[in-house]
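Right, one structure below, let's go through it.
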């Protein structure tokens, strides 16, 4: 059995309101995370909501990183999806978590595009 991709889904609770409502900081965090994980960046878009919250996506050759924040709840939803074996999504995860400093985290990894070999 081989997976085409790895998808890390992160629920981050108890994050600083100031961090979660700062699109420039979140953009830098995700861009740096992609680089640390050996991902090739293709583009990015971040949107700041009024009165609060940010949604951002970094598109990488290997797939994407995304974040959606709810500062009023101290909550961030994060996806890190990579294809191939060169990029390491857990390096991106480590960098993002260090920047967000959540009080608690729920995380799971999904294998995407499972290919069964043999009979």
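Listing for the model above:
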| quantity | calculated |
| --- | --- |
| Mean residue ellipticity (222 nm) of the chain, computed from DSSP H runs ≥ 4 via -39,500 (n - 2.57), nearest 500 | -7500 deg cm²/dmol |
| Separation of the residue 115 and residue 86 label points, Cα + 7 Å toward Cβ, nm | 1.7 nm |
| Average Cα contact separation per residue, region 2-115, under 8 Å, 6 or more apart, as relative contact order % | 43 percent |
| Region 12-38 and region 67-119: distance between their alpha carbon centers, rounded to Å | 13 Å |
| Folded to 0 to 90 degrees: helix 89-100 orientation relative to the chain principal axis, Cα | 10 degrees |
| GNM result for the chain, Cα springs below 10 Å: residue of 104, 16, 63 fluctuating most strongly | 104 |
| Length gained when the stretch residue 42-residue 77 is fully extended (0.36 nm per residue, less Cα-Cα span) | 10.4 nm |
| Förster radius 25 Å - calculated FRET efficiency between residue 104 and residue 66 (Cβ-Cβ, nearest 0.05) | 0.80 |
| Principal axis dimensions, region 4-109 - Cα atoms, whole angstrom, descending | 38, 26, 18 |
| The chain: most fluctuating residue of 56, 43, 74 per GNM, C-alpha cutoff 10 Å | 43 |
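Read-outs: derived from the displayed coordinates by stated rules, not from any lab. Since this is a predicted model, take the numbers as computed values, not measurements. Heads up, the Cβs are rebuilt from the backbone with ideal geometry, glycines too, and the neighbour counts pull from every protein chain shown.
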